[in-house]
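**Student:** Take a look at the following structure, please.
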Amino acid sequence: NWLNFCRQNRIPYVERSPNIRRGQIGIKCPFCGAADPSEHMALGGFYEGIGELVDEFTEAYQGKYGLILDYPNGYNVPTGQPLEFVSAVGDYVSTNRNSLGSDSELQNIVDEIADLINTTIYNLKFLE
């Protein structure tokens, strides 16, 4: 689950907060305090959407194929500037999308994830 993933990869998170619903976790934004406030704003939509989409995909995948019992080890959380971070997440999704099931309903959710990534990249590059 997400808590184990965050613990194994040393990703800071919180389990309780006024802004976190039950059953969710809050991952600390690695760019808080960034010099450009527009970057932080662009990432706000990304962080709000990515958790819900990943959760939606996970539930749909497990509903079709059963519980995911083994999560891969060794995922390195991208670091760097916000644009590099989101681009690296996009590269990961593009590289691994074929291993996420070929069913159209699952690939539609992957498409939504890719759309969120692409929109965030646009916002980071062109909106101020």
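**Student:** Taking the Cβ-Cβ separation of Phe126 and Val77 as r and a Förster radius of 35 Å, what is the calculated FRET efficiency to the nearest 0.05? Numbers along the way, then the final one.
**Tutor:** Details: r = 25 Å, r/R0 = 0.73.
Once the sixth-power term is evaluated, E becomes 0.85.
**Student:** Something else about it: For Ser104 and Glu56 in one chain, what is 0.36 nm times their gap in residues minus the Cα-Cα distance, to one decimal in nm?
**Tutor:** Numbers: separation 48, 0.36 × 48 = 17.28 nm, distance 1.42 nm.
Gain on extension, Ser104 to Glu56, equals 15.9 nm.
**Student:** Still on this structure, please answer the following. Per the 1.4 Å probe, what fraction of the accessible area of the stretch 51-128, in percent, lies on carbon and sulfur atoms?
**Tutor:** On the way: 2550 of 5150 Å².
Result for the stretch 51-128: 50 percent of the exposed heavy-atom area is carbon or sulfur.
**Student:** OK, next. Spin-label point model (7 Å from Cα, Cβ direction): what's the Ala88 to Tyr65 distance in nm?
**Tutor:** Once both label points are built, they end up 2.5 nm from each other.
The values are calculated or read from the model by the stated rules, or taken from the named source; none is laboratory data. The model shown is predicted, which means the values in this text are computed figures rather than measured ones. Neighbour counts run over all protein chains shown; Cβ positions are idealised from the backbone, glycine included. In case anyone asks, the SASA skips ligands and DNA or RNA and just uses the protein heavy atoms, side chains included. Shrake-Rupley method; radii C 1.70, N 1.55, O 1.52, S 1.80 Å.
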